[in-house]
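The values are calculated or read from the model by the stated rules, or taken from the named source; none is laboratory data. Everything quoted here is computed from the prediction, not taken from an experiment. Neighbour counts run over all protein chains shown; Cβ positions are idealised from the backbone, glycine included. Surface areas here come from the heavy atoms of the whole protein model, side chains and all, with no ligands, DNA or RNA. Shrake-Rupley method; radii C 1.70, N 1.55, O 1.52, S 1.80 Å.
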Amino acid sequence: MGSQTKRVLLTPLMHSARPFRVSNHNRSSRRGVMASSLKELLSKTLDALLITSGLVTLVLEEDGTVVDTEEFFQTLGDNTHFMILEKGQKWTPGSNYIPARQQPKKSGIARITFDLYKLSPKDVIGCLNVKATIYEMYSVTYDFRCTGLKALMRSLLRFLSHVAQVTGQFLIYTGKHMLRVLGDTEEQTSPGLRTRQKFMVG
């Protein structure tokens, strides 16, 4: 009994496969892969991009950060875009890259981005990733995996449910903010009313 319990406790936690995007060093080839670990991601990336070199480096496509530990890999979100670099290759910024110190001030109420990618070259439609951000505070990301009509409808309903939840949070935040503003306004007008009443009584 004790040995069985020990084996169960020592069994490593298995992570479920998640979707990621990968590209080569010059972004001329892009693929979507499913992986549960860094090792699996590297293996599938080399197969998807037809890379035979044994010495490669995996970096984040957006800023060139090296990803070489399982712990850091597990902290990254779904649909993270990676770049694979072979020996002698270096990361270069993309056309949409803006250094952190030069990034413009973010503004606006809501922003929605769409990203279409394929998990397999045989896919006809592919998958659609939708990310919505409201007031830079609440964001929701969802994948539409177009494998069939029923699956598409289920994905659409789940996405609408997520949007409803984010909208509810936004309405609650807006309501609290309005109540706070109205409360401050009442506090500012109350002293004037009390002074006027005293003057009328006198």
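Summary of computed values
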quantity	calculated
Selection count, region 60-90, where residues are assigned to a strand (DSSP E or B) and free of Cβ contacts under 8 Å to residues at least 12 places away in the same chain	1
Among residues of region 36-61, those that are touching a Ser or Thr at 6+ places or on another chain (Cβ under 9 Å) and open to solvent by 70 Å² or more (accessible area, probe 1.4 Å), counted	1
Lone unmet requirement of (1) part of a loop (DSSP other than H, G, I, E, B); (2) free of Cβ contacts under 8 Å to residues at least 60 places away in the same chain; (3) of a type outside the set (A, V, I, L, M, F, W, C); (4) under 25 Å from Asn129 (Cα atoms) for Thr45	(1)
Members of region 46-93 that are farther than 20 Å from Cys127 by Cβ and small (Gly, Ala, Ser)	Ser53, Gly54, Gly64, Gly88
